[in-house]
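Quick notes on the structure that follows.
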Amino acid sequence: MASHPIGVFDSGYGGLTILSEIRRALPQYDYIYLGDNARSPYGTRSFDVIKDFTRQAVEYLFAQGCPLVILACNTASAKALRVIQQTYLPYSSDPTRRVLGVIRPTVEVVGDMTRSRKIGVLATPGTVASQSYTLELGKLFPDLEVYEQACPMFVPLVEYGESQGAGADYFVDKYTRALLAQDAEIDTILLACTHYPLLRDKIEAALPRHIRLIAQGDLVASSLADYLIRHPEMETRLSRGEEVRFLTTECPDKFGDLASIFIDTQVAAQRVKID
Ligand code: DGL
């Protein structure tokens with residue numbers, strides 16, 4: 001049988017945290033992970049640029065035989081998913097190809113987790129500027145108040161191996177204070193960026209004990225499992241070899257080294273050109 005893997009795309013390494021959760025829930029399928037490391041981070045880039053880069057990545061993964069692509073990147077999901085789904089991939093014209101993001105599956109679940117009905121979102125400047133979480137949560141849970149806080153230093157801290165250092169303490173304190181200053185009754189905070197689970201312990205320690213911190217990897221994984229049950233026409237197209245290939249637009253050795261920050265398996269990546 002020809003290989004029809006699930007494509008998992010991220011701007012760089014962070015989507016590896018999402019891939020791990022997806023593979024834990026759905027180990028039977030084949031996967032291709034694509035990191036656009038040569039052009040990351042996306043979090044500080046403009047709308048049009050992210051849209052173009054993400055579209056190139058999706059086209060590349062389709063050309064590799066992936067019928068289903070997951071944008072495992074909040075910034076790409078926030079800024080490019082809708083336009084890709086609506087203009088580039090109109091659902092009616094090509095039912096054999098789908099692109100899903102990480103925002104909707106997260107939003108569907110977190111709205112029920114808050115008692116105070118006040119949710120905080122920590123994310124990249126790009127995701128915050130898009131207001132995607134506020135808009136999507138508002139559609140499903142109109143009574144919620146959503147407060148977003150951009151954390152531009154979190155991604156570099158993680159990628160430079162400083163997530164356990166004193167610099168991380170400083171910025172965790174700064175951003176969590178800024179978020180809670182928006183409303184002290186926030187009782188649920190969403191880590192709306194692929195990298196932030198690596199700062200989870202520090203963020204948790206900086207917050208009052210009653211505040212619940214939510215990472216999205218397992219939410220995305222269980223939503224995908226549910227999607228495949230509801231869409232047998234897609235599920236039966238996927239190949240089941242339990243294989244995973246790692247592709248990067250940067251140097252493969254560098255990818256392998258830094259990937260070890262995000263997952264505990266050795267990664268042998270291959271360099272590809274997607275533009
Ligand atoms: N993967 C991105 C996200 O989840 C973070 C890294 C970046 O800014 O490219 O928003």
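Please treat every number below as a calculation from the coordinates, not as lab data. Just so you know, these numbers come straight off a predicted model, no measurement behind them. Don't worry about glycine lacking a Cβ; one is built from the backbone with ideal geometry, like all the others, and counts go over all protein chains shown.
With the simple spin-label model, which puts each label point 7 Å out from Cα in the Cβ direction, the residue 257 to residue 242 separation comes to 3.3 nm.
Placing unit charges on the Cβ atoms only, positive for Lys and Arg and negative for Asp and Glu, gives the chain a dipole magnitude near 360 debye about its Cα centre.
Taking Lys and Arg as +1 and Asp and Glu as -1, the other residues whose beta-carbon sits under 15 Å from that of residue 16 total -4.
Expressed to the nearest 5 percent, the antiparallel share of DSSP beta bridges inside segment 56-168 is 0 percent. Out of every Cα-Cα pair that segment 90-148 contains, those further apart than 15 angstrom amount to 53 percent.
Per-residue packing, averaged as other Cβ atoms within 10 Å, sorts the ranges 36-44, 166-174, 10-18 into the order 10-18, 36-44, 166-174, beginning with the highest. Residues 210, 4, 231, 195, arranged from fewest to most other Cβ atoms within 10 angstrom of their Cβ, appear as 210, 231, 4, 195. Subtracting the Cα-Cα distance of residue 174 and residue 44 from 0.36 nm times their residue separation leaves 44.9 nm of extension gain.
Available extension along the chain between residue 153 and residue 52 is 33.9 nm, counting 0.36 nm per residue and deducting the alpha carbon span.
Remark: 6, 211, 263 ranked as 263, 211, 6, counting other beta-carbon atoms within 10 Å and listing the fewest first. Report the FRET efficiency, 1/(1 + (r/R0)^6), for residue 63 and residue 131, where r is their Cβ-Cβ distance and R0 is 35 Å, rounded to 0.05. The pair residue 63/residue 131 has a calculated efficiency of 0.60. For segment 177-230, the ratio of Cα radius of gyration to the globular rule of thumb 2.2 N^0.38 Å stands at 1.37.
Counting charges near residue 109 (Lys, Arg +1; Asp, Glu -1) among other residues having Cβ under 13 Å from its Cβ returns a value of -3. Counting neighbouring Cβ atoms within 10 Å and putting the fewest first, the residues 118, 273 line up as 273, 118. Other residues with beta-carbon under 12 Å from the beta-carbon of residue 233 carry, at +1 per Lys or Arg and -1 per Asp or Glu, a net charge of +3. Each principal axis of the Cα atoms in segment 123-183 has its own extent, and those three values, largest first, are 39, 21, 15 angstrom.
Counted over segment 119-275 with a bin width of 10 Å, the fraction of Cα pairs per bin, in whole percents, is 9, 30, 32, 23, 6, 0. Length gained on full extension, residue 273 to residue 108, computed as 0.36 nm times the residue gap minus the Cα-Cα distance: 55.9 nm. Counting only the Cα atoms, the chain fills a convex hull of 121 Å³ per residue. Peptides 245-251, 120-126 ordered by packing proxy, namely the average of other Cβ atoms within 10 Å per residue, highest first: 120-126, 245-251. Using R0 = 30 Å, the C-beta based FRET efficiency linking residue 222 and residue 94 works out to 0.70.
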